[in-house]
Amino acid sequence: GAVVSQHPSWVICKSGTSVKIECRSLDFQATTMFWYRQFPKQSLMLMATSNEGSKATYEQGVEKDKFLINHASLTLSTLTVTSAHPEDSSFYICSARVGGLNTGELFFGEGSRLTVL
Amino acid sequence: LAKTTQPISMDSYEGQEVNITCSHNNIATNDYITWYQQFPSQGPRFIIQGYKTKVTNEVASLFIPADRKSSTLSLPRVSLSDTAVYYCLVGLNQAGTALIFGKGTTLSVSS
């Protein structure tokens, strides 16, 4: 199957700093990628849909100025957590879809664990 | 938006067949039913997808009744490595761009 890779796998930062997480589709082109956040013992929560060459579509309640998404190429989407605070500590996972909206298969990255001190 | 309901947790023993049922009463005509598996600290992985009746692949079967208001993921002869969270996904978000994850079912397999 298709491969999606995230970097870094884990990151620790100080409160108030910004952190960038990269998501790459290694063997296919992804015009659309998705960013999820997952807190311990909880399900994945969709944060935004990242569209190549255009603005991301954010889910209700997700601050677009805090979670900056850039999808500048068909194989790379980045999520920047700006002015991170301890409550932003979470597992961030990206995915890309191969196939149609309803019938396609989502391929997920390994996830990036963010810890804000 | 199709909302899904699954049991929070299930327990099983190695070698048994496990059936996880997902309710999706307001599934739309063009919605497919997709199941994902997630291990701790990893991204989810696709298991199986179906629209109606029965679908089978090398790892699981998916049973969907005629009214499509529920579906059952069947894992034959589970092993310890099948201990994971299983998610049933039906329908898209409000923007119509992405599938939404429900709460999932934590399956624990013991020896």
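The values are calculated or read from the model by the stated rules, or taken from the named source; none is laboratory data. Since the model is a prediction, treat every value here as computed from it, not as a measurement. A quick note on method: Cβ atoms are made from the backbone with ideal geometry, for glycine too, and the neighbour counts reach across all protein chains shown.
One residue alone among A:Ser83, A:Ser89, A:Ser73 is away from chain B (no Cβ under 13 Å) and at pLDDT below 95, and that residue is A:Ser73. Among the residues making up the range B:97-111, those that are within 7 Å of another protein chain (Cβ to nearest Cβ) and over 15 Å from the mean Cα position of the chain (by Cα) are B:Thr97, B:Ala98. Quick one: which of A:Ser15, A:Ser54 is touching a Pro at 6+ places or on another chain (Cβ under 7 Å), loosely packed, with under 15 Cβ neighbours inside 10 Å and more than 10 Å from every other protein chain (Cβ to nearest Cβ)? Only one candidate qualifies: A:Ser15. Considering the range A:96-110, and only residues there that are under 10 Å from A:Cys23 (Cα atoms) and in contact with a Gly (Cβ under 7 Å, 6 or more places away or on another chain), the residue that is surrounded by the fewest Cβ atoms within 10 Å (Cβ to Cβ) turns out to be A:Glu110.
Within the range A:22-51, the set of residues being of a type in the set (Gly, Ala, Ser) and within 12 Å of chain B (Cβ to nearest Cβ) comprises A:Ser43, A:Ala48, A:Ser50.
Scanning the range A:86-95 for residues that are surrounded by 15 or more Cβ atoms within 10 Å (Cβ to Cβ) and more than 12 Å from the chain's Cα centre (by Cα) yields A:Asp88, A:Ser89. Residue count for the range A:95-111 satisfying the condition of being among the hydrophobic types (A, V, I, L, M, F, W, C) and more than 8 Å from chain B (Cβ to nearest Cβ): 2. Set side by side, the residues A:Ser43, A:Ser83, A:Ser73 differ, and just one is small (Gly, Ala, Ser) and either buried (at least 20 other Cβ atoms within 10 Å of the Cβ) or closer than 20 Å to B:Gly102 by Cα (or both), which is A:Ser43.
Mind telling me which of the residues B:Asp11, B:Asp31 ends up being closer than 13 Å to B:Leu107 by Cβ and of a type in the set (Asp, Glu)? Selected residue: B:Asp11, the only one of B:Asp11, B:Asp31 that is closer than 13 Å to B:Leu107 by Cβ and of a type in the set (Asp, Glu). Can you find, within the range B:86-96, the residue that is modelled with the highest pLDDT among those that are more than 8 Å from every other protein chain (Cβ to nearest Cβ) and on the phi < 0 side of the Ramachandran plot? Once the filter is applied, the top-ranked residue is B:Tyr86.
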